[in-house]
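Worksheet for the structure shown next.
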Amino acid sequence: MRYKSNIIRKDKDGTRYYRPNIARGIPLKDTDKFIFPFDGDRLDMIAYRFYGDAKLWWIIANANKISNGQIGLDPNKKIRVPIEIQDILDKL
């Protein structure tokens, strides 16, 4: 589960804040796909297309060093989509 090991912090008023876990350095693999996004594509849309789960957009963002995955992508710029992601998910 992605959120089970997140660090929870509380401020002086008792408000809880979560510090997310981020998979660092997704290694290049022979199975990775390199695609040109469609005009208007976002990372969550590509994640749904390849993984069946839009919430996994952060994997593609991390693999491509993209900091804001919800903005439109340049259809003229190729991006990497890691296909074998179970080892990435297991490390969280």
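The values are calculated or read from the model by the stated rules, or taken from the named source; none is laboratory data. Nothing here was measured: the structure is a model prediction, and the numbers come from that model. For neighbour counting, all protein chains shown are included, and Cβ atoms are generated from backbone atoms with ideal geometry for every residue, glycine included. All accessible areas refer to the heavy atoms of the entire protein, side chains included, with ligands and DNA or RNA removed. Shrake-Rupley method; radii C 1.70, N 1.55, O 1.52, S 1.80 Å.
Which residues, counting only those in the range 83-92, are of a type in the set (A, V, I, L, M) and assigned to a helix (DSSP H, G or I)?
If the condition is that a residue be of a type in the set (A, V, I, L, M) and assigned to a helix (DSSP H, G or I), then ILE88, LEU89 are the ones that fit.
State all residues of the range 52-78 that are in contact with a Lys or Arg (Cβ under 7 Å, 6 or more places away or on another chain) and at pLDDT 90 or above; if no residue qualifies, say none.
Across the range 52-78, the qualifying residues are ALA63, ASN64.
Filter the range 55-82 for residues that are part of a loop (DSSP other than H, G, I, E, B), closer than 17 Å to GLY25 by Cβ, open to solvent by 20 Å² or more (accessible area, probe 1.4 Å) and not hydroxyl-bearing (Ser, Thr, Tyr) and give the result.
ASN64, LYS65, ILE66 - these are the residues of the range 55-82 that are part of a loop (DSSP other than H, G, I, E, B), closer than 17 Å to GLY25 by Cβ, open to solvent by 20 Å² or more (accessible area, probe 1.4 Å) and not hydroxyl-bearing (Ser, Thr, Tyr).
Cβ-Cβ under 6 Å, sequence separation 6+ or interchain: first residue in the range 34-54 and more than 10 Å from ILE79 (Cα to Cα) and part of a loop (DSSP other than H, G, I, E, B), partner modelled with pLDDT under 95 and open to solvent by less than 40 Å² (accessible area, probe 1.4 Å). Which pairs?
Close Cβ pairs satisfying both conditions: ASP41/LEU73.
Consider the range 83-92. How many of its residues are open to solvent by less than 80 Å² (accessible area, probe 1.4 Å), touching a Lys or Arg at 6+ places or on another chain (Cβ under 8 Å) and at pLDDT 90 or above?
1
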